[in-house]
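The values are calculated or read from the model by the stated rules, or taken from the named source; none is laboratory data. Everything numeric here is computed off the predicted structure, so don't read it as measured data. Cβ: placed from backbone, ideal geometry, glycine included. Neighbour counts: every protein chain shown. Surface areas here come from the heavy atoms of the whole protein model, side chains and all, with no ligands, DNA or RNA. Shrake-Rupley method; radii C 1.70, N 1.55, O 1.52, S 1.80 Å.
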Amino acid sequence: KNIDILLFTRWDRFSRDNLRTYFIFQEFKKYKIEINAIEQFTDDDPSSKFMRGMHLMLGEMERELIKKRTIEGMRGGMKKGSWLGKPPKGYDRDKINNQTSLKINEDSEIVKNIFRECATGLYSAESVRKKYYSKLKISKQAFYNMLKSPAYIGKILLKDYKEEKARLVDALHKPIIDVATYNKVQK
């Protein structure tokens, strides 16, 4: 045992999960290692423990509020047609009307060909993936995800959230393929 004390600036820098913190305290207590915050120092008297608990609960509440605001902000952008996240094959990042979006790139022709060949029903998805692998370098799972993505028809999937059911919204970006081809691939 070379450690006597674990110090950090504030309690919310140590943990934002009260239940987990309790178990960490118990574990460190076994090794007689003190845990404390420089700016919010506490000791083992009851009122000090209470204040420590309040600091930890406020940190957990802050984490939950940030999470909620982030999700709601992202959903708001998606409802307006913004693309959030990594661009799918055939697209690059772009800005349209100061909102994050996508622009079609040189791989879009390969993506069109992939969808067209899969839509014929003459080839397995895996045989089409292997045919274009040298051009797109796409894993099997990523390829299947690509074939299912409504991004290629200019849509964004807004997943279930609270009382809202999942739905497709119109994206700001241009589609690479038409809806009929996309629907054939889905079948």
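List of remarks:
- Helix-only mean residue ellipticity at 222 nm for the chain, each DSSP H run of n ≥ 4 adding -39500 (n - 2.57), per residue, nearest 500: -16000 deg cm²/dmol
- For the stretch 1-98, applying the loop criterion from DSSP together with a ceiling of 15 other beta carbons within 10 Å to the GluC sites (Glu not before Pro) yields 39.
- Straight-line cross-link reach from residue 32 at under 20 Å between alpha-carbon atoms covers these lysines, not counting any fewer than eight positions away in the same chain: 1, 49.
- Karplus-based coupling profile of the stretch 89-100, in residue order and whole Hz: 3, x, 10, 10, 5, 7, 10, 10, 6, 6, 10, 5, with θ = phi - 60° in 6.51 cos²θ - 1.76 cosθ + 1.60 and x standing for Gly or Pro.
- For the stretch 31-74, the set of trypsin sites (Lys or Arg not before Pro) satisfying both a DSSP loop assignment and a count of at most 11 other C-beta atoms within 10 Å is given as 32.
- Between amide H atoms placed 1.01 Å from N, distances below 5 Å from residue 101 occur with 83, 94, 95, 96, all of them 5 or more places distant or on a separate chain.
- Given 112/148; 80/159; 140/187; 89/155; 135/159, the pairs whose alpha carbons are separated by over 23 Å: 135/159
- Using a probe of 1.4 Å on the protein chains alone, the accessible area found for residue 54 is around 60 Å².
- Over 24 Å [Cα-Cα, the chain], rounded percent: 58
- Annotation note: chymotrypsin sites (Phe, Trp or Tyr not before Pro) in the stretch 1-90 located in DSSP loop regions with a Cβ neighbour count of at most 10 within 10 Å are 31.
- Whichever aspartates and glutamates have a C-alpha closer than 15 Å to that of residue 174, once near sequence neighbours (fewer than 8 apart) are set aside: 92, 94, 106, 107, 109
- Axial C-alpha extent at least 15 Å, average Kyte-Doolittle at least -1.0 - helices from the chain (DSSP): 18-30, 46-79, 108-120
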